[in-house]
Amino acid sequence: MMIGRPASLRRYNKRAIVRALMRSAPASRADLAKQVGMSQVTAGKIVDELLAEGIVEEIDQPAPTGAGKLGRPGRMLRLSTSRAPFLAIQLGTSNTRLARAPIGSYSEDQWTVTFQTPDSASAWKRQLKEACRGVMSDEVVAALVSVPGVVDERAGRVLLAPNLRWLDSVNLIELVGEVIGRRTTLLQEIRALAYGQLAVDPPDGERLSDFLLVDFGDGLGAAAAVGGKVYVGPLALNGELGHTPVVGNRRRCGCGSVGCVETLVNRAGLLESFAAEVGRKDVTFADLAEHIDRYGVRRWLADALEHVATAIAAAANVMGIDRVIITGSLNELPASVMEHLSQAVINGCLWRRFGKMICHGAPRYRLAGLVAAGIDRIVMPVESWEV
Ligand SMILES: [Zn+2]
């Protein structure tokens, strides 16, 4: 129930229109009014304001019609793609990537500049400044930064980045702000992926609103979406599935503990086990893929997948979620790996006895996720900061 001051009511209505366009563009003014439950007059006024602000743009396209009806050409609306007001930065363990992004772009990641992430804050700042030369312009209003580890997004600090140690001693918002000279917002990297899954157009037309996303890469992390929103816990810590211990695992983890499941299934962990299996040191991820192609999922790999499946199934059981989305490096391996993991996850989920439990691979939509968060926090902020 919105009983607010007119200004906050208008902001709320604007946000509702923008959200509707994120989900189903292009749309006509009439479609939008219907979708958000406003009168056509009210929706029309808001659309005019959004057009004037350059957040929305008009395109000529036949209006979608029901079966058998003739399409009538009309002015359709979508979020603006002609300007790119965001500078998206992915600060990754191995690489840092940059791209300019418009408000209305929701597709697979496409980064324009990449550099190797150095091992100190000062070197990173220097390289970021260099990389910005090719991508910055006056159009940019904000920097959206995806960061690994345990992130206090509100304070702009990284509390713990096991795979990138210098991060926990800097205020990243200030550091990026000094280079870019624009407003900067941080998003934990796995949460960015969950925002992305919510924002992109699903290939099968089924819009996802509830899922647990698990990302495999240099680390292992998770983020959940509930009711179409990325879940936010009371602590600056969530989705840390990778640091669940596995009984009998003696590997040392970057977080300081011993036995975390991440050490078995992240890139380094998989390569360590594979190297031991074949008795070679210099193995690559491509070698591992080829080995699996030839010999299938061997016992060591099956064990690792089953350990991580136990942690994933436990999270899904606790949250009451029937869909698990797997992104990242496991998708680079033969399909048999994902099949093995999916089956093990489903076997561990109680919901399979009452309904359909789904676990599948998907691309990473980090850039789309950063843009979606940028719209929420910078273009259309509401009074509650976290959404
Ligand atoms: Zn750990």
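The values are calculated or read from the model by the stated rules, or taken from the named source; none is laboratory data. Worth saying up front: this structure is predicted, and the values here are computed from it rather than measured. Positions of Cβ are generated from backbone atoms using ideal geometry, with glycine treated the same way; all protein chains shown enter the neighbour counts.
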Worksheet, complete the sentence: Selection from the range 22-63 of residues in a helix (DSSP H, G or I) and among the hydroxyl-bearing types (Ser, Thr, Tyr) yields Thr42
Worksheet item: Out of the residues in the range 250-270 that are away from the ligand (no atom under 12 Å from the Cβ) and surrounded by fewer than 17 Cβ atoms within 10 Å (Cβ to Cβ), which is farthest from Ile326 (Cα to Cα)?
Response: Arg250
Worksheet entry | Test result for Met319, under 22 Å from Tyr195 (Cα atoms) and either among the aliphatic types (A, V, I, L, M) or assigned by TED's automatic domain parsing to the domain that holds Ala142 (or both) | yes
Discussion item. Looking at the structure I just gave you, is Gly355 of a type outside the set (Ser, Thr, Tyr), under 17 Å from Gly217 (Cβ atoms) and either crowded, with 20+ Cβ neighbours inside 10 Å or in contact (Cβ under 8 Å) with a residue 12 or more places away in the chain (or both)?
Written reply: no
Worksheet entry | Residue identified as within 16 Å of the ligand (Cβ to nearest atom), of a type in the set (Val, Ile, Thr) and either closer than 21 Å to Arg364 by Cβ or modelled with pLDDT under 95 (or both) among Val324, Val308 | Val308
Worksheet item: Can you pull out the residues in the range 215-235 that are on the phi < 0 side of the Ramachandran plot, more than 15 Å from the ligand (Cβ to nearest atom), among the small types (Gly, Ala, Ser) and within 15 Å of the chain's Cα centre (by Cα)?
Response: Ala223, Ala224, Ala225
Practice prompt. Tell me, please, whether a residue that is within 16 Å of the ligand (Cβ to nearest atom), closer than 24 Å to Ser336 by Cα and within 28 Å of the chain's Cα centre (by Cα) can be found in the range 279-291.
Written response: no
Discussion item. Here is a list: Ser137, Ser146. Which entry is outside any strand (DSSP E or B) and polar (S, T, N, Q)?
Written reply: Ser137
Discussion item. If a residue must be buried (at least 19 other Cβ atoms within 10 Å of the Cβ) and away from the ligand (no atom under 16 Å from the Cβ), how many such residues does the range 152-166 contain?
Written reply: 3
Practice prompt. State which residue is farthest from Ala222 (Cα to Cα) when the search covers only the range 236-248 and only residues that are within 13 Å of the ligand (Cβ to nearest atom) and buried (at least 18 other Cβ atoms within 10 Å of the Cβ).
Written response: Val246
Fill in: Scope the range 41-60; condition surrounded by 13 or more Cβ atoms within 10 Å (Cβ to Cβ) and within 18 Å of Leu9 (Cα to Cα); matching residues
Thr42, Ala43, Gly44, Lys45, Ile46, Val47, Glu49, Leu50
Worksheet item: Applying the selection to the range 115-130, what residues are touching a Pro at 6+ places or on another chain (Cβ under 7 Å) and farther than 13 Å from Gly92 by Cα?
Response: Gln127
